[in-house]
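Below is one structure, written out as structure tokens, with a few remarks after it.
The values are calculated or read from the model by the stated rules, or taken from the named source; none is laboratory data. What you are looking at is a predicted structure, and each value in this text was computed from that prediction instead of being measured. Ideal geometry is used to build each Cβ from the backbone, glycine not excepted, and the neighbour counts take in all protein chains shown. In case anyone asks, the SASA skips ligands and DNA or RNA and just uses the protein heavy atoms, side chains included. Shrake-Rupley method; radii C 1.70, N 1.55, O 1.52, S 1.80 Å.
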Amino acid sequence: MIIRGKEFSIPIIQGGMGVGVSLGNLAGHVALCGGIGIISSVNAGYREEDFHTNPRQANLRALEQEIKKAKEIADGHGLVGVNIMTAVTGYEETVKTAVAAGADVIISGAGLPMKLPEYLAGSDTLCVPIVSSTRAAKLLLNQYQKRYQTKPDFFVLEGHLAGGHLGFSKEELFDQKAKSNDEILEELLVVAGDIPVFVAGGVFDGNDMAHFVKKGAAGVQIGTRFIATEECDAAQGFKDVILDAKEEDLRIIVSPVGMPARAVFSPLLKRLKDGEKFAAIRCNNCLTACKKNDETPYCISRALIEAAKGNKEDGLFFTGANAGRINRMYSVRELITEIYEQYREALK
């Protein structure tokens, strides 16, 4: 498949997972297999020595290093991109740093990336918004055409079965009234016209991939399954949490950013449910939407970092709805090969 000169042989995007879950190693190996490997920019520099004293520079420096690492691993295969949430502090600077470092794609959600084309101007980096509704897609299409005389290179449709923060209201999720991927895809394809759409959220295997492609999608985005791979950048402790999780262990929570999210009901979340709060925390101002006040029960940045380190007691483990179906480790190549062969067989 070729999109605006960018070529990849397998229409699978590895979802961007932060903090520290999808960095250069995972993204590079996905690209090496011909897919689109995605680095999560959020607190990419959490392992840098100056992260607590100078988080902005630490994150930008690490992001540049992780992109270069991924590109080296990919060795000219597939595409390497970055997931940059619109809610991150320093969004514009982060996008421009990723572009300068050679990112092939910027995928952006957690809000509407209204100015993304402006920050990509003059580059050949693909512009990819994440949407969860046709309303969001229409707003972006109108804005991009009116202000920049352009359009997205493709959309990622992220449904309500995804992991982490979700683009649906608490009522839709808790009352199980959110539209299915099938419903949103049918509507979005009409709005998108000739713009390719990749489906995310609850996509588990090649049969799911074939299902959406038959309905008009260009491909799929898969996140959680890539956690249980040897090349995933998170510690083995994080991978073990996903491997051990059952369907009943997953919860929709409301994060400190005020958004609903899906996570494993970990010891941290149990303690929070029982009324515990973290002790005084050092805020590095990573998200513009975070409340950052005395009523905030915990620091989402700190909790996600602890998860990436494999701290089962204090970590926040974001996951998609199908985590309970994951029961063994894979290599990235083994996983992609299995999914793609299932896909090709299902298309027959």
For residues that are modelled with pLDDT of 95 or more and exposed (fewer than 15 other Cβ atoms within 10 Å of the Cβ), tally how many sit in segment 292-336. 4
Tyr91 - would you say it is farther than 22 Å from Ile222 by Cα and under 17 Å from the mean Cα position of the chain (by Cα)? yes
Just need a number here: residues in segment 65-88 that are open to solvent by 60 Å² or more (accessible area, probe 1.4 Å) and within 18 Å of the chain's Cα centre (by Cα). 0
Filtering segment 89-117 for residues that are open to solvent by less than 10 Å² (accessible area, probe 1.4 Å) and under 26 Å from Ser133 (Cα atoms) leaves a count of 8
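Residue-by-condition table, conditions (1) open to solvent by 10 Å² or more (accessible area, probe 1.4 Å); (2) modelled with pLDDT of 95 or more; (3) under 30 Å from Gly45 (Cβ atoms):
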| position | (1), (2), (3) |
| --- | --- |
| Phe154 | no, yes, yes |
| Gln176 | yes, no, no |
| Lys179 | yes, no, no |
| Glu186 | yes, yes, no |
| Val213 | yes, yes, no |
| Glu230 | yes, yes, yes |
| Gly237 | yes, yes, yes |
| Asp240 | yes, yes, yes |
